[in-house]
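We did not get these values from a lab; they are worked out from the coordinates using the rules stated. These numbers come from a predicted model, not from an experiment. Cβ atoms come from the backbone with ideal geometry, glycine included; neighbour counts cover every protein chain shown.
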Amino acid sequence: MKAVRSQRVLTAEGLRPACVIIEAGRIAALADDAPGAVDYGDAVVMPGIVDTHVHVNEPGRTEWEGFRTATESAAAGGITALVDMPLNSVPVTTTLKAFEQKRSAARGQCRVDVGFWGGVVPGNASELEPMAKAGVLGFKCFLIDSGIGEFGWVGERDLRPAMEELERIGAPLLVHAEVAGPMPARPAGDPRAYATYLLSRPRAWENEAVSLAARLCRETGARTHIVHHSSSDALETLRAAKRDGVPLSAETCPHYLHFAAEEIPDGRTEFKCAPPIRERENREALWRALGEGVLDMIASDHSPCAPQLKKQESGRFDQAWGGVSGLQLALPVAWTEGSKRGFTLQHLARWMCEAPARLAGLSRRKGALAPGQDADLCVWRPEEKFQVDPAKLHHKHKLTPYAGRELQGVVVATVVRGELVYDRGDFPGAPRGQELLK
């Protein structure tokens, strides 16, 4: 592509008629018009979505997802760059050797650009700098059992020196913020009841973990990011840190912003994730926090698994693998709910383009429609509604809690560095996604 034209281009000044001029894969200018421009009429042209929380699961557990299907789903959802999480693959990305295996597995398969997070686990402090020098964008840790034996959780004793090292090398730390407390992991109650599962991961676990991360962030100065934030009780901790200039940020996810615990039927294990989807009042508090800037961004936390691991036959939440599948739907879910609450496309671009690009150190290339940026475009129709048909999703497995839901916002085309990678259901040409290295 050499130019893209629309009556509604989302620029820094807002929506306006414009033409995006493309040279050598970058945005050269925003002009009134250009000869030979591809005309998308009144479809919205906005920066490509940057999703910094995707579990691709390759190599090693490719039967769960994989780079080809994950990046096709991303492209179909207007996502032009994603960052892969370091666990669920085999090996987990906690050593330089494992990172090289991950890079090798991704080559030649990706429809969109892909970056990589490494992991902080007990005993791998000496691997952090070599991985960062090789291109890892930052590091993730768990403060509770991850469910993956090879990806151990860290307590304060391991976390403090790791954060000191990350501050030294200038890499962000991403924190799964739950700390197992005294409450039993399997409370009394029907294991098929969502209410029982909700009791098994109480807000107190998340609140305590966010407090720990915030305290260590203050003490070490390490840039720290809370992933998949779900407890409204912990928002004040985030608010206080921001007020004091502490380098602490946080994301929430489409499933926390769309669903409510009161509406989840018993036995529907496709809704299981950790931290869990909480109550309706909690959801509304998360939306208010996004509006205030207490929560910085929205990321999918696309975390699929082989369907049999969801234990749908028994419907037992205590036995089912956790994780919501929704990569392709992140944009329409966020817009469906955000537009109901008076939020604008500018808000959406800040939460799903600008802030994630900044977290991953990609803002010099991604996240905005401006000269010098990669020509990454999401072309979509925000007013158009559709019903989620799992058969039309490009995820490897079609099981998703969004099945049958009416959403608003249909992606027409996705452009990565000036190349059309998704066009009304098709994926033109061969995969041309590039690595995004630090």
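Candidates K272, K310: the one that is in contact with a Leu (Cβ under 7 Å, 6 or more places away or on another chain), more than 22 Å from P47 (Cα to Cα) and not small (G, A, S) is K310.
Within the stretch 154-167, the set of residues being surrounded by fewer than 18 Cβ atoms within 10 Å (Cβ to Cβ) and either under 15 Å from I226 (Cα atoms) or in contact with a helix residue (DSSP H, G or I) (Cβ under 8 Å, 6 or more places away or on another chain) (or both) comprises E156, R160, P161, E164. Return yes or no: is E284 among the acidic types (D, E) and assigned to a loop (DSSP other than H, G, I, E, B)? Judged against the criteria, E284 is not a match. Quick check on R268: is it more than 18 Å from A349 (Cα to Cα) and basic (K, R)? Here the answer is yes, as R268 does meet what is asked. Pairing each residue of the stretch 90-108 that is more than 21 Å from E72 (Cα to Cα) with any residue that is among the small types (G, A, S) and surrounded by 18 or more Cβ atoms within 10 Å (Cβ to Cβ), provided the two are 6+ apart or on different chains, yields C-beta distances under 7 Å for P91/A98; V92/A98; V92/G119; T93/G118; T93/G119; T94/G118; T94/G119; F99/G118.
The number of residues in the stretch 285-331 being of a type in the set (S, T, N, Q) and over 30 Å from F343 (Cα atoms) comes to 4. A Cβ distance below 6 Å, combined with a sequence gap of six or more or placement on separate chains, defines the contacts here; from the stretch 259-277, residues that are assigned to a loop (DSSP other than H, G, I, E, B) reach residues that are surrounded by fewer than 17 Cβ atoms within 10 Å (Cβ to Cβ) in the pairs A260/R280. Listed by position, the strands (runs of 3 or more DSSP E) inside the stretch 371-438 whose residues that are in contact with an Asp or Glu (Cβ under 6 Å, 6 or more places away or on another chain), closer than 30 Å to G267 by Cβ and free of Cβ contacts under 8 Å to residues at least 24 places away in the same chain number at least 1 are 377-387.
Checked against the criterion of being closer than 20 Å to R157 by Cβ, part of a helix (DSSP H, G or I) and free of Cβ contacts under 8 Å to residues at least 40 places away in the same chain, the candidates E219, E208 yield just one match: E208. Taken over the stretch 79-93, the criterion of being under 25 Å from A355 (Cα atoms), not hydrophobic (A, V, I, L, M, F, W, C) and not in a strand (DSSP E or B) is satisfied by P86, T93.
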